[in-house]
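This report refers to the structure that appears directly beneath it.
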Amino acid sequence: MKLGVFDSGLGGVMISRAIKDHLPDLDMVYLGDTLHVPYGNRSEKAIHNYSKNCIEYLFTQENCQIIIMACNTASASALRKLQQEWLPKHFPERRILGVVVPTIEYSIDRGFENLGLLGTNYTVHSKVYLQELQKINPNITIHQVNTPLLVPLIEHDGMQWIDEVLDHYMKPLMDKGIEAVILSCTHYTCLKDRVRERYNIEVFSQDEIVPVKLKDYLDRHPESETKIGKSGADTFLVTDLTPEYTQQASRYFGKDIELSHVLYKDTV
Ligand code: DGL
């Protein structure tokens with residue numbers, strides 16, 4: 001069996017890279033829903049159905065034991081319902097793990113109380129980070145900024161414009177004197193060093209959080225861990241394939257990768 005990594009697009013490639021660096025032996029399959037990226041501006045129903053279709057594909061066609069739902073937007077909208085209602089009915093022995101809870105745990109451990117967050121429209125408006133953080137520590141303030149231009153710039157090789165766009169989004173957060181910023185979108189992983197240097201601030205980036213928390217989960221759940229193959233094989237799948245995407249994905253994974261197009265059961 002395999003570990004699945006699901007995302008709407010390139011961010012999942014960055015998370016896959018980080019998981020491979022941390023747990024190189026695990027057999028892993030990445031699925032990017034490139035047909036529908038970006039998820040961040042879509043309706044809850046669309047995000048739920050796209051996510052469910054991808055997850056179902058990874059369970060049935062790729063024999064995944066655990067799937068990391070790397071997409072924050074999907075984790076904020078679809079994850080709970082899938083975990084609580086759909087999974088027990090269809091795949092009771094398998095697991096779907098999101099990225100919000102590990103990021104919350106990490107943020108709490110770091111101990112800051114005045115935080116900023118950059119996220120997609122859906123993630124910001126869901127207030128999931130705000131609610132979950134304040135449940136644990138009501139003294140935490142979190143200033144959120146919806147950053148719709150970042151994913152298209154990252155997906156379409158627009159890094160030359162990124163500083164100007166980042167300055168625009170970061171200014172209201174810096175004006176609030178934040179101590180750290182949560183990059184609550186897998187895609188923003190590739191911006192972490194830029195944000196650290198440009199604003200001289202602590203950055204919580206999910207490529208540094210998810211692999212460590214995954215290892216911890218696997219250590220605590222040998223019943224799942226032992227089912228996952230350890231040959232170090234990688235598979236990369238997308239729901240729409242272009243030469244540009246292959247190039248970008250290879251760049252973010254750090255070596256040439258072969259992407260395969262999967263036939264997608266499109267239901268919204
Ligand atoms: N990767 C998604 C996330 O983490 C953002 C990209 C999108 O909008 O699809 O939220």
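Any read-out appearing in this document is the output of simple, stated calculations on the displayed coordinates, not a laboratory observation. In this text the structure is predicted, and so the values were computed from the model without any measurement. So basically every Cβ, Gly included, is an ideal-geometry build from the backbone, and we count neighbours across all protein chains shown.
Annotation note: Cβ proximity below 7 Å between a residue of the range 32-54 that is under 19 Å from VAL13 (Cα atoms) and a residue that is of a type in the set (D, E, K, R) and buried (at least 24 other Cβ atoms within 10 Å of the Cβ) (sequence gap 6+ or interchain) occurs for GLY32/ASP7; TYR50/ASP33; CYS54/ASP33.
Within the range 184-193, can one find any residue that is surrounded by 13 or more Cβ atoms within 10 Å (Cβ to Cβ), more than 16 Å from the ligand (Cβ to nearest atom) and either closer than 30 Å to PRO243 by Cβ or acidic (Asp, Glu) (or both)? If you could, list the steps in order and put the result at the bottom.
At the first step, the residues of the range 184-193 found to be surrounded by 13 or more Cβ atoms within 10 Å (Cβ to Cβ) are 184-192.
Cutting the leftovers down to more than 16 Å from the ligand (Cβ to nearest atom) gives us none.
No; the residues of the range 184-193 include none that is surrounded by 13 or more Cβ atoms within 10 Å (Cβ to Cβ), more than 16 Å from the ligand (Cβ to nearest atom) and either closer than 30 Å to PRO243 by Cβ or acidic (Asp, Glu) (or both).
Taking the range 242-256 as the range and being surrounded by fewer than 18 Cβ atoms within 10 Å (Cβ to Cβ) and within 22 Å of TYR57 (Cα to Cα) as the test, the residues that pass are THR242, THR246.
Just wondering, is there one or more residues in the range 200-210 that are free of Cβ contacts under 8 Å to residues at least 60 places away in the same chain and within 18 Å of the chain's Cα centre (by Cα)? Looking through the range 200-210, at least one residue is free of Cβ contacts under 8 Å to residues at least 60 places away in the same chain and within 18 Å of the chain's Cα centre (by Cα).
Per-residue answers, yes or no, for (1) among the acidic types (Asp, Glu); (2) farther than 21 Å from TYR129 by Cβ; (3) away from the ligand (no atom under 16 Å from the Cβ); (4) surrounded by 23 or more Cβ atoms within 10 Å (Cβ to Cβ):
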residue: HIS22; (1), (2), (3), (4): no, yes, yes, no
residue: LEU35; (1), (2), (3), (4): no, yes, no, no
residue: ASN53; (1), (2), (3), (4): no, yes, no, no
residue: GLU56; (1), (2), (3), (4): yes, yes, yes, no
residue: PHE59; (1), (2), (3), (4): no, yes, yes, no
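Evaluated against (1) of a type in the set (A, V, I, L, M); (2) within 9 Å of the ligand (Cβ to nearest atom); (3) within 20 Å of LEU82 (Cα to Cα), LEU10 falls short on exactly one condition, (3).
The set of residues in the range 82-114 that are of a type in the set (Val, Ile, Thr) and either surrounded by fewer than 15 Cβ atoms within 10 Å (Cβ to Cβ) or within 19 Å of LEU183 (Cβ to Cβ) (or both) comprises VAL99, VAL100, VAL101, THR103, ILE104, ILE108. HIS143 satisfies every condition listed in (1) outside any helix (DSSP H, G or I); (2) out of contact with any helix residue (DSSP H, G or I) (no Cβ under 6 Å at 6 or more places or on another chain); (3) under 20 Å from PRO172 (Cβ atoms) except (2).
Of the residues ASP175, ASP163, the single one that is charged (D, E, K, R) and over 22 Å from LEU10 (Cα atoms) is ASP175. In the range 206-217, the count of residues that are over 19 Å from HIS22 (Cα atoms), outside any loop (DSSP other than H, G, I, E, B), in contact with a helix residue (DSSP H, G or I) (Cβ under 9 Å, 6 or more places away or on another chain) and within 16 Å of the ligand (Cβ to nearest atom) is zero.
Could we say that ASP157 is under 29 Å from ILE108 (Cα atoms) and exposed (fewer than 15 other Cβ atoms within 10 Å of the Cβ) here?
no
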